[in-house]
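Here, each number is a calculation from the coordinates, and none is a lab measurement. Owing to the predicted nature of the structure, the values given are computational and were not obtained by experimental measurement. Note: ideal-geometry Cβ built from the backbone for every residue, glycine included; neighbour counts use all protein chains shown.
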């Protein structure tokens, strides 16, 4: 995706990003993070702990925001900060949708800094998380 950095402005939304809440994806994340907690893999354990079923790992939910931002940015763009507060977990079988809205744009020598409000909801509209991010686009020379 190519982003016209000169056209970036507050109020613009970035493309939404979706991922399915599957045990396969969570198992792959657990393999690299070491978090094989039962409530992430077993609906019965999740219910025993007060949730409707198995749910995503918090760091994985946070990583999905990085995925959304990375997909929007060019290869030489960078993620400066991501700050998210979880509200509800993504449950197995639901679909996560992440998005963001530009709140500020600063054009500096060599790069364009963009502040965003970011969020995650599931396919039923349940808010999963919200926060802020700052990213940097390289500024075309010329």
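Expressed as a rounded percentage, what relative contact order does the chain have, with Cα pairs under 8 Å and six or more residues apart? Rounded, it is 28 percent for the chain.
Under the classification rounded if a/c is under 1.5, otherwise prolate if a/b is larger than b/c and oblate if not, where does the range 91-131 fall, given a ≥ b ≥ c as square roots of the Cα gyration tensor eigenvalues?
prolate
Given R₀ = 41 Å, FRET efficiency for residue 44-residue 9 by Cβ-Cβ distance, to 0.05?
FRET efficiency, residue 44 to residue 9: 0.25.
For the range 13-77, the extents of the C-alpha atoms along the principal axes are 44, 26, 16 Å, listed from largest to smallest.
For 106, 94, what's the fewest-to-most ordering of other Cβ within 10 Å of each Cβ?
On the way: 106 11, 94 21.
In increasing order of surrounding Cβ atoms, one gets 106, 94.
What translational diffusion coefficient, to the nearest whole µm²/s, does the chain have by Stokes-Einstein, given a Kirkwood radius computed over alpha-carbon pairs, a temperature of 4 °C and 1.567 mPa s viscosity?
Working: Rh = 16.1 Å.
This corresponds to a translational diffusion coefficient of 80 µm²/s.
Got a sec? Which residues in the range 1-43 would a label at residue 107 touch, if it sits 7 Å along Cα→Cβ and we count backbone N under 15 Å? Answer for the range 1-43: 4-10.
Quickly estimate the mean residue ellipticity at 222 nm for the chain, helices only: each DSSP H run with n ≥ 4 gives -39500 (n - 2.57), and the total goes over all residues, rounded to 500. Can you show the working numbers first?
Numbers: 4 runs with 36 residues, N = 142.
Estimated from H runs of four or more residues: -7000 deg cm²/dmol.
Put a dot 7 Å past the Cα of residue 95, heading toward its Cβ, do the same for residue 22, and the two dots end up 1.3 nm apart.
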